[in-house]
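Data block below; observations after.
The values are calculated or read from the model by the stated rules, or taken from the named source; none is laboratory data. What you are looking at is a predicted structure, and each value in this text was computed from that prediction instead of being measured. Here the Cβ positions follow ideal geometry from the backbone for every residue, glycine too, while neighbour counts run over all protein chains shown. Quick note on the areas: whole protein, heavy atoms, side chains included, nothing else; ligands and nucleic acids left out. Shrake-Rupley method; radii C 1.70, N 1.55, O 1.52, S 1.80 Å.
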Amino acid sequence: MALIECPECKAQISDKAASCPHCGAPKAPKPPAWKLENNLPKSASGARITIAVILGIVVLLVVVQIFIPKPPEPTAEQKRQQMIESRLRSNCDEFSARYMAEKFVQKHLKAPSTAKFNTKALKMNVSDDCRFWVDGSVDSQNSYGAMLRATFSMRLIYDPQADTWQAIDFNLQ
């Protein structure tokens, strides 16, 4: 049982009493639920706002997806050209050419795992169309296990369409 204030005499009365025992005034009736300004707890009205915001964002995203034009899909020829350009950017450089030159030389050695390339003596000339002229020296073991120095020269060409390297005019002495 809780005590409330009488609307007439301001005395403390029981919330269960139908009228005030001091002045006889009837207790103020509760207004009907439909007349209350906000008959939901604050958490429910906050949930309404949250749901409205989320729905608004979803609707906005759908509208944006519908009305913003998408870029056209590249044709097969455009995809092929993009792939070639990507290969040129990633493979047509001096590092790749030096690596491939070393691989070509190792294929012709008796003991390729013992190859030590003298990178300071490596000379490389480059042209704009992925052609490299490489001269250098390598130390490796011969069939008897002795370390020998050999010089090599080659012209390397990179083909981005086939993604292959080709050694031309290969000379190992």
Lysine-lysine proximity count for the chain, Cα under 21 Å, sequence distance 8 or more or distinct chains | 12
How large is the helix-only mean residue ellipticity at 222 nm for the chain, computed as the sum of -39500 (n - 2.57) over DSSP H runs with n ≥ 4, divided by its residue count, in deg cm²/dmol to the nearest 500?
-> -11000 deg cm²/dmol
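Out of the total accessible area of the chain (probe 1.4 Å, heavy atoms of protein only), what percent is carbon and sulfur?
The C+S portion of the solvent-accessible surface of the chain is 57 percent.
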Identified option (computed Rg/Rh (Cα atoms, Kirkwood Rh); candidates (1) 1.12; (2) 1.75; (3) 1.04) | (2)
Given a 1.4 Å probe, how much area per residue of the chain is accessible, in Å²?
-> 75 Å²
Which residue fluctuates the most in the chain, going by a Gaussian network model with Cα springs under 10 Å, if the choices are K70, K16, K103?
-> K16
Restricting attention to the stretch 48-145, which chymotrypsin sites (Phe, Trp or Tyr not before Pro) occupy a DSSP loop and are surrounded by at most 12 other Cβ atoms within 10 Å?
-> Y144
What is the dipole size for the chain, taken about its Cα centre, with +1 at each Lys and Arg Cβ and -1 at each Asp and Glu Cβ, in debye to the nearest 20?
-> 500 debye
With Cα springs under 10 Å, the Gaussian network model of the chain assigns the largest mean-square fluctuation among A11, A115, A76 to A11
Considering the dipole of the chain built from charges on the beta carbon (Lys and Arg +1, Asp and Glu -1) around the Cα centre, which of S86, V126, G136 is farthest to its positive end?
-> S86
Once Lys and Arg are counted +1 and Asp and Glu -1 for all other residues with Cβ under 10 Å from that of V138, the total becomes 0
